[in-house]
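So the structure is just underneath, and the comments pick up after that.
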Amino acid sequence: MKSITVLIPAYNEEQVLPALFERLSTLADRESQYSFEFLFVNDGSRDRTLEIIKHHAEQDHRVSYINLSRNFGKEIAMIAGIDHVKGDALVIVDADLQDPPELIPEMIKLWEEGYDDVYAKRRSREGETWLKKFTSKQYYALLQSVTRIPIQEDTGDFRLLDRRVVESIKQFRESQRNAKAIFSQVGFNKKEILYDRDPRAAGETKWSYVKLLDLAISGITSFTTAPLRVASILGILVSFVSFIYIIYLLVRPLFGESTGSGYSSLMAVILFLGGVQLLSLGIIGEYIGRIFNETKHRPLYLVEQYHASHKKAKK
Ligand code: UDP
Ligand code: MG
């Protein structure tokens, strides 16, 4: 019998967990030709999330859980879970029921047909502002234009991964993670299915605009070093234009033209160059910061407790 692990990162999700358990177990009961594992990663929740998970684990032998020592963020919670997957396939779902578990059977079907990475693409993005949709669109267009790796748009972490993709992802140990970039980079046989993303069932989103900006920057830096090249290209352009201008300045007095006062033009050039230099330094700094963080080689996460489902041997 093939086994499927459903990975659910959860941070302060006490309000939605009962409904989630309900829907997950309905699904698992219906798909009885597979054995299921529900692997919860409690990401340092400050509410009763862990208590509820433990309570269910006592009654339901399919429930496993990892309790992280503090809040690490969803990206890290996911790799913690991925390191502990026992199934032949893995499905990642959000705890807040925005990823309908009812889609899982369709994913499994495609997996059985031989696809390794069946990802759910949002058909609509209801309940999101015009600004958020627009910025997201531009961001993906920009990102796609600088990298050769195909990037899946309007796709989150909701997907089914075959065991071999899971094993590949485990080898990506960077500490500033961007799951989307990693899913794209590993490649394998991908297949999309469309769905309508539901609004959050209860509770609040954990994403602020500041965090989204951080995610966007980490997305770029984990895909590509192209921004570093932007700094070089700007440097070359500015030097070239300045060179021509200097020649012009040298030649001009020969024809009897006066040099005249140049406060405004000087100011403009100085400010422009200052801006370009600061921007370039910022871009370089962004990458150096990442190098700094990676060279520390710290563990990605710390586990306070791991409870495994079944009696099956750990992999
Ligand atoms: N999450 C997490 N750690 C965090 C923040 C979020 O494990 O620090 C989980 C959260 O419990 C949920 C998923 O990541 O299962 C997505 O979070 P959320 O719904 O807040 O994000 P959104 O759907 O708004 O993008
Ligand atoms: Mg959500």
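A few remarks follow.
- C-alpha long axis of helix 130-146 to longest principal axis of the chain, angle in °: 70
- Of the residues Trp130, Trp111, Trp207, the one with the fewest other Cβ atoms within 10 Å heads the list, and the complete ranking is Trp130, Trp207, Trp111.
- Translational diffusion of segment 245-296, µm² s⁻¹ [Kirkwood Rh, Cα pairs; Stokes-Einstein; 4 °C; 1.567 mPa s]: 91
- With contributions of -39500 (n - 2.57) from each DSSP H run of at least four residues, the per-residue ellipticity at 222 nm computed over the chain stands at -15500 deg cm²/dmol.
- Environment charge of His56, counting only residues whose C-beta is closer than 11 Å and scoring Lys/Arg +1, Asp/Glu -1: -2
- Relative contact order (percent, whole number), segment 93-212, Cα cutoff 8 Å, 6+ residue spacing: 47
- Between helix 17-30 and the chain there is an angle of about 60 degrees, using the helix long axis and the longest principal axis of the Cα atoms.
- Nearest-ten-degree value, helix 209-223 long axis tilted from longest Cα axis of the chain: 80
- If a spin label sat at a point 7 angstrom from the Cα of Leu142 along the line to its beta carbon, the backbone N atoms of segment 226-256 nearer than 12 Å would be those of 227.
- Listed residue (Ser264, Ile104, Phe243) projecting farthest to the positive dipole end of the chain, Cβ model: Phe243
- Inverse mean reciprocal Cα-Cα distance (Kirkwood Rh) of segment 110-157, Å: 12.7
- Backbone N under 15 Å from the Ile233 label point (7 Å along Cα→Cβ), restricted to segment 271-299: 280
- Fluctuation leader among Ile52, Ile247, Ile92 - the chain, Gaussian network, Cα springs under 10 angstrom: Ile247
- Of Ile66, Val165, Pro227, farthest towards positive along the dipole that unit charges on Lys, Arg, Asp, Glu beta carbons give the chain: Pro227
- Net +/- balance of residues flanking Ala202 in space, Cβ distance below 14 Å, scoring K and R +1, D and E -1: -4
- Computed over segment 208-315, Cα set: Rg, Dmax in Å: 25.6, 94
- Working note: Debye formula, equal point scatterers on the alpha-carbon atoms of the chain, no solvent; log10 I(q)/I(0) at q = 0.09, 0.11, 0.16 Å⁻¹ is -0.55, -0.74, -1.42.
- For the chain, the relative contact order comes to 23 percent (Cα pairs under 8 Å, sequence separation of at least 6).
- Counting only Cα atoms, the size of segment 1-66 along its three principal axes is 37, 19, 18 Å, in decreasing order.
- Extended-chain gain in nm, criterion 0.36 nm per residue less alpha-carbon gap, Thr225 and Lys2: 76.2 nm
- Considering every alpha-carbon pair of segment 115-265, the percent of pairs per 5 Å bin, from zero through the bin containing the longest distance, is 2, 7, 12, 15, 15, 12, 8, 5, 5, 5, 5, 4, 3, 2, 1, 0.
- Amide H contacts of Phe36: Ile4, each under 5 Å away and 5 or more positions distant or on a separate chain (H built 1.01 Å from N in the peptide plane; Pro and chain starts excluded).
Laboratory data are not the source of any read-out in this text; all were calculated from the coordinates shown. A quick note: this is a predicted structure, and the numbers were derived from the prediction, not measured. Positions of Cβ are generated from backbone atoms using ideal geometry, with glycine treated the same way; all protein chains shown enter the neighbour counts.
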